[in-house]
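Sharing a structure with you now.
The values are calculated or read from the model by the stated rules, or taken from the named source; none is laboratory data. Everything quoted here is computed from the prediction, not taken from an experiment. Cβ sites come from the backbone with ideal geometry, for glycine too, and all protein chains shown count toward neighbours. Quick note on the areas: whole protein, heavy atoms, side chains included, nothing else; ligands and nucleic acids left out. Shrake-Rupley method; radii C 1.70, N 1.55, O 1.52, S 1.80 Å.
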Amino acid sequence: MATAPRSARRPPGAGVKLSFNDPVVRAIFWQIVIVGAVGLVVWWLVGNTVRNLEARRIASGFDYFWREAGLPIGEAMIEYQPSDNYFRALVVGVLNTLRIAVVSIVLATILGTLIGVARLSRNWLVAKLASVYVETLRNLPLLLQLLFWYSVLQSLPPPREALNPLPHVYLFVRGLQMPWPQWTPELGTVLAVMGIGIVASFLVRGWAKRRQMLTGEQFPIGWTAVGLVVALPLAVFVMQGANLPLDVPTLGRFNITGGILITPEFTALLIGLVTYTAAFIAEIVRSGIQAVSHGQTEAAAALGLKRGQALRLVILPQALRVIIPPMTSQYLNVTKNSSLAVAIGYPDIVSIANTILNQTGQAIEGIGTIMAVYLTVSLSISAFMNWYNRRIALRER
Amino acid sequence: MKKSLIIASGLALTMSAAAMVAEAQQVGQRPVQLAQAPAAPPAGASPTFDAVRQRGFVQCGTNTGLAGFARPNAQGVWEGLDVDVCRAVAAAMFGDATKVRYTPLTAQQRFTALQSGEVDVLSRNTTWSFQRDVQLGLDFVAVNFYDGQGFMVPRRLNVRSARELNGATVCVQPGTTTELNLADYFRANRMQFTPVVIERLEEVTQAYLAGRCDVYTTDVSGLAATRSSQVPNPNDHVILPEVISKEPLGPAVRHGDQRWADVVRWSFYAMLEAEELGLTSQNIDQNMNSTNPAIQRFVGATGDFGRMLGIDNRWSYNIIKQVGNYGESYQRNVAPLGIERSVNRLWRDGGLMYAPPLR
């Protein structure tokens, strides 16, 4: 790569001589040495590991993926029974990790942005409260916070004395249990219409943008979207008879059953991750906004843009360029920090893979699986954020 | 291209950690000389034995804190039935039962810790099962406690039998045979349950006490230990009569290191043998000149069992003098929890504890 300009420095006419003084030769030599050394180390490590596994008769390979797992898992997004195989158990873990990561990222971004803006508020109290939040939350270890939230949630009352803030909504030591709509064909239609509405809104937005470019005329895109995504499905729902059977929780011998249950493990992890990460995101957002010089605001005002328009069209696009790269690493951190779930019993991939590793004794495969999962998730987030970063980057014309 | 290189080298580095530990513990590379005289054991045939001898203490993997089995007392000194196995090994190796260092391990960490050589012996109320013996690269050397899995529920739930637990939420620790038996039991009886799986004993107990679960399940000894030591009012909790599995608990060592396995196995059997011979930490000194040939062999006055193991010939005397026999260890550690000796009595008293003859 960097060798091309150097080779150009070679005096013309001189024959190619293999000399150690030649930077090209030197570069190639050292690259061969380093690659060789790395290769040797890897070869030795692999050989040694295999030899020792054999000597101790520790099983190896991934055949165990298809054996019956036998282990119970508390919450699963797909159907799972202990009689399913290890592979399915791992998939349950991966989905649980993705679930907590996605929800945390969305909520942390919203909360973090609010707090970041609050820190810049002209209201002294609001700004100071935001500062105290940021300084407290980001300076306490996350594990401590998770255990704190989990013990707070464990002080809720037992099933028989569950709090009942709304009809059929129960808040108790085993989580928050709420009614949930039962699946009906009508519900399917409504959701399908909503999906079509979302797609249509984007198409309308594209058309409105083009028209504004050509004619300068504006189109009320916001209201159109509300109509397409909310009002239209609602109309379909009413036309079908407004029939929505709910699965309502009822108190059984041990538990409240029915409806949907959000477990305290998930909630504690979610609160912990969101509040912790929001503190970092707040600082990123604040720095992003402060990086845009005040002259930009004044210039926008001089052009006659309203405050909201100035923020949306002038300040934010420039602030985002500063915000996105550090934001990417916060998103990666949330994903990786979700592995602290082990401490409070949320069945994420690390917890499940560790258990499997323990039952099968195949530590290298188990750790390898965890690494592969996190690497895939992290690289995907990274790739998406890089794509987004390029999209909003300053286009030099 | 660059990225994949980075990934590859990352993988290599991580594997190196595992492999290096393995290298440090290489097993069975040198040939064992079979033709040697019995009194002089083959030198250097046992990497763990040599490593322990050179290091001057036994690295012992124990529970993170289970009353009666392994728990530090108010002075920070580890105590318990499992701890006594490690102390016996130290007494045999060094003539000093205090030459042990403890590594508290969770259920999930324990096997990796032993496989990788972090501990020399795993004495952590661990069930001897087929898969662990055959597939995990471990050797269980003896059983120091015969146990079985049970259920504990709060008394106010009014449950009398495990068959009534359909629909219950159950607290359990991951990476245990308990976890698997639990799923099997409910499946066999066509019952539903919701598991809450928490790794650390303290936290799983806390979750049970907070009412996160209706039921806590582990070995009956563990239930009794938790009930007597961690529950504010032990009478508020009942252990259900059903025992749903066999749980023979015992110390384990790495597979393939026979000489070290022999030292651990016979250190434990010496404690059983002493109980059978009526030798205790109190009376062993008076019995040094006993005319009973079995006792003479035991205290090292005749024979050379210690030298055959490659250790001091007074090894078993040291164990009993400093740690006591199995019955003493049981009385000191487990009896205060209110657990009957029952199947853990000596064979001649109707129990299962039976040491092969020391001769």
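Is the C-alpha gyration tensor of the protein assembly as shown telling us rounded, prolate or oblate? Criteria: a/c under 1.5 is rounded; beyond that, a/b larger than b/c is prolate, otherwise oblate.
Details: a/c = 2.64, a/b = 1.50, b/c = 1.75.
It is oblate, given that a/c is not under 1.5 and a/b is not larger than b/c.
Additional query: Tell me the carbon and sulfur percent of the accessible area for segment A:213-310, rounded to whole percent, probe radius 1.4 Å. Show your work: numbers first, answer last.
Values: 3590 of 5400 Å².
The nonpolar share, carbon plus sulfur, comes to 66 percent.
Return the aspartates and glutamates within reach of B:Lys321: Cα separation strictly under 13 angstrom, same-chain partners fewer than 8 residues apart disregarded; answer none if there are no such residues.
Reachable aspartates and glutamates: B:Asp84, B:Asp96, B:Glu275, B:Asp285.
At 1.4 Å probe size, what's the solvent-accessible area of A:Arg56? Round to the nearest 10 Å².
Approximately 10 Å² of A:Arg56 is accessible to the 1.4 Å probe.
How much accessible surface does B:Thr177 have with a 1.4 Å probe, in Å² rounded to 10?
Number for this one is 20 Å².
Ok, one more. Using alpha carbon centroids, what distance separates segment A:354-397 and segment A:237-276, in Å?
30 Å
Over segment B:149-245, what relative contact order in percent results from Cα pairs under 8 Å that are six or more residues apart? Don't skip to the answer; put the middle values down first.
Working: 160 pairs, mean separation 46.4, N = 97.
That works out to 48 percent.
Okay, next question. Would you work out which of B:Thr64, A:Pro23, A:Thr97 lies farthest towards the positive end of the dipole of the protein assembly as shown, given +1 charges on the beta-carbon of Lys and Arg and -1 on that of Asp and Glu, about the Cα centre?
Going by the charge dipole, the pick is A:Pro23.
Tell me the label-point distance for the pair B:Arg101, A:Asn139, using the 7 Å Cα-to-Cβ offset, in nm and rounded to one decimal.
Going from the B:Arg101 label point to the A:Asn139 one covers 3.6 nm.
Also: Return, ordered by residue number, the residues of segment A:301-325 whose backbone nitrogen is under 16 Å from a label point located 7 Å along Cα→Cβ of A:Ser287.
A:319-325
Also, quick follow-up: How big is the charge dipole of segment B:149-245 about its Cα centre, in debye rounded to the nearest 20, if each Lys and Arg gets +1 on its Cβ and each Asp and Glu gets -1 on its Cβ?
In debye, rounded to 20, segment B:149-245 gives about 320.
At what distance in angstrom do the alpha carbon centres of segment A:172-218 and segment B:135-165 lie from each other?
Here the two parts' Cα centres lie 52 Å apart.
Obtain the nm distance between the two label points defined at A:Val199 and B:Thr302 by a simple spin-label model: each point lies 7 Å from its Cα along the Cα-to-C-beta direction.
9.5 nm
On a 1.4 Å probe surface of the protein chains, which of A:Phe384, A:Phe219, B:Phe111 comes out largest in accessible area, and what is the full order? Before the final figure, lay out each step's value.
Numbers: A:Phe384 115, A:Phe219 70, B:Phe111 5 Å².
Ranking A:Phe384, A:Phe219, B:Phe111 by accessible area, largest first, yields A:Phe384, A:Phe219, B:Phe111.
Separate question: At 1.4 Å probe size, with no ligands or nucleic acids counted, give the accessible surface of A:Val226 in Å², nearest ten.
70 Å²
Taking springs between alpha-carbon atoms closer than 10 angstrom, which of A:Ala127, A:Ala231, A:Ala299 fluctuates most in the Gaussian network model of chain A?
Comparing A:Ala127, A:Ala231, A:Ala299 in a Gaussian network model of chain A, the most mobile one is A:Ala231.
Another question, then. Treating the beta-carbon of each Lys and Arg as +1 and of each Asp and Glu as -1, no other charges, what is the dipole magnitude of chain B about its Cα centre, to the nearest 20 debye?
Charge dipole, chain B, about its Cα centre: 400 debye, nearest 20.
What does the charge dipole of chain A about its Cα centre add up to, to the nearest 20 debye, if the Cβ of each Lys and Arg holds +1 and the Cβ of each Asp and Glu holds -1?
It comes to approximately 1800 debye.
Using protein chains only (no ligands, no nucleic acids) and a 1.4 Å probe, work out which residues of segment B:242-261 have their accessible area cut by at least 50 Å² relative to the chain alone.
The answer is B:His255 - residues whose exposure falls by at least 50 Å² when every protein chain is included.
Here's a follow-up. Starting at the first residue of segment B:311-322, write each ³J(HN,Hα) from the Karplus equation 6.51 cos²θ - 1.76 cosθ + 1.60 with θ = phi - 60°, in whole Hz, x for Gly and Pro.
So the Karplus estimates, Gly and Pro as x, are 10, 4, 6, 8, 4, 6, 4, 4, 4, 5, 4, 9 Hz.
So for chain A, taking the charge dipole from beta-carbon charges (+1 Lys/Arg, -1 Asp/Glu), which of A:Gly195, A:Gly366, A:Trp207 sits furthest toward the positive end?
So the residue we want is A:Trp207.
Using only Cα atoms, locate the centre of segment B:227-293 and the centre of segment B:75-132, then give the distance between them in Å, rounded to an integer.
The two parts, judged by their Cα centres, are 13 Å apart.
Rounded, prolate or oblate: pick one for chain B, where a ≥ b ≥ c are the square roots of the eigenvalues of its C-alpha gyration tensor, a/c under 1.5 means rounded, and failing that, prolate if a/b is larger than b/c, else oblate. Intermediate values should be presented prior to the final figure.
Values: a/c = 2.19, a/b = 1.24, b/c = 1.77.
Taking the square roots of the gyration eigenvalues as a ≥ b ≥ c, chain B is oblate.
Suppose a student asked you for the relative contact order of chain B, using Cα pairs under 8 Å spaced at least 6 residues apart; what percent would you report?
Numbers: 649 pairs, mean separation 78.5, N = 359.
Rounded, it is 22 percent for chain B.
Still on this structure, please answer the following. Taking Cα pairs under 8 Å and at least six residues apart, what relative contact order does chain A come out at, in percent? Could the numbers behind the result be given before it?
On the way: 435 pairs, mean separation 82.7, N = 397.
That works out to 21 percent.
Could you order B:Arg259, A:Arg391, A:Arg321, B:Arg254 by accessible surface area, starting with the largest, using a probe radius of 1.4 Å?
Values: B:Arg259 40, A:Arg391 135, A:Arg321 80, B:Arg254 10 Å².
If we order B:Arg259, A:Arg391, A:Arg321, B:Arg254 from most to least accessible, we get A:Arg391, A:Arg321, B:Arg259, B:Arg254.
What are the residues whose amide H is under 5 Å from the amide H of A:Asn85, where those residues sit 5 or more places off or on another chain and H is modelled from the backbone?
A:Ala69
Length gain on complete extension for the stretch A:Ser329 to A:Lys209, per 0.36 nm per residue less the alpha carbon to alpha carbon distance? Please report the intermediate quantities before stating the final value.
Values: separation 120, 0.36 × 120 = 43.20 nm, distance 3.27 nm.
My answer for the length gained is 39.9 nm.
For A:Gln362, what is the net charge nearby, where nearby means another residue's Cβ is under 13 Å from its Cβ and Lys, Arg count +1, Asp, Glu -1?
Details: positive: A:Arg56, A:Arg57, A:Arg67, B:Arg132; negative: A:Asp63, A:Glu365.
Neighbourhood net charge equals +2.
Applying the Karplus parametrisation 6.51 cos²θ - 1.76 cosθ + 1.60 with θ = phi - 60° to the phi angles of segment A:253-258, what ³J(HN,Hα) value in whole Hz is obtained for each residue in order, glycine and proline being reported as x?
Working through the residues one at a time gives 5, 9, 10, 8, 10, x Hz.
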